[in-house]
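A short worksheet on the structure shown next.
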Amino acid sequence: MRVWQDLDLAEVKKHLLICGDPSGDCANCREVGINIQNAKSCPTGKTEFKYMATRVTGSTSQAKRLKAKRPDLIAIDFSDFKDAKTRSEAHKFLR
Ligand SMILES: [Zn+2]
């Protein structure tokens, strides 16, 4: 089941764990090598993780695997995040 919800980009970025294989990155401060399995917050920035994204977009099986690892985090689609980011940056540029 997919849930679509409008989220605030800045809020998501602050609390987003970008899941790679085998470790994750913090979207907020770019810290790398984060343990996806048990990191509750960023070891450097100390921000709590609330969201996670997979770099492999459109992969339902990977999203399911991640969700099984971290049922406490909200899984978002990384391509959606990037699109939203590009839009907001373009918006800033036009102002
Ligand atoms: Zn961080």
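Under 5 Å between amide hydrogens, built in the peptide plane, is the criterion, and for ALA75 it picks out MET52 among residues at least 5 positions away or on other chains. On C-alpha positions alone, give me the angle between the axis of helix 78-94 and the longest principal axis of the chain, in degrees, nearest 10. With both axes taken from Cα atoms, the answer is about 20 degrees. Phi angles of the range 22-28 translate, via the Karplus equation with coefficients 6.51, -1.76, 1.60 and θ = phi - 60°, into HN-Hα couplings of x, 10, x, 10, 8, 6, 6 Hz per residue; Gly and Pro are given as x. Each Lys or Arg adds one and each Asp or Glu subtracts one; over the other residues with Cβ under 15 Å from the Cβ of GLU48, this totals +3.
Would you kindly calculate the mean projected area, averaged across all directions, of the convex hull enclosing the Cα atoms of the range 13-53, in square nanometres? List each step's numbers first, then the result.
Values: hull surface 9.0 nm².
The number I arrive at for the range 13-53 is 2.2 nm².
Within the shell defined by Cβ-Cβ distances under 13 Å, the residues around GLY33 carry a net charge of -2, with Lys and Arg each +1 and Asp and Glu each -1. Taking only pairs that are 8 or more places apart or on different chains, how many Lys pairs in the chain have Cα atoms under 12 angstrom apart? Pairs that pass both the separation and distance tests number 6. Can you tell me the orientation of helix 60-69 relative to the chain, as the angle in degrees between its alpha-carbon axis and the longest Cα principal axis, to the nearest 10? The angle comes out at about 60 degrees.
Remark on the chain: CYS19, CYS29 stand apart, with no other cysteine beta carbon under 4.7 Å.
With the alpha-carbon atoms of the range 9-94 aligned to their principal axes, the span from lowest to highest coordinate is 40, 30, 19 Å, starting with the largest. Taken about its Cα centre, the range 9-94 carries a charge dipole of roughly 100 debye when the Cβ of each Lys and Arg holds +1 and the Cβ of each Asp and Glu holds -1.
In loop segments of the range 1-74 as defined by DSSP, the chymotrypsin sites (Phe, Trp or Tyr not before Pro) with at most 12 further C-beta atoms inside 10 Å of their C-beta are TRP4.
FYI, it's all coordinate maths here, none of it is from the lab. Just so you know, these numbers come straight off a predicted model, no measurement behind them. Neighbour counts are summed over all protein chains in view; Cβ atoms, including those assigned to glycine, are modelled from backbone coordinates with ideal geometry.
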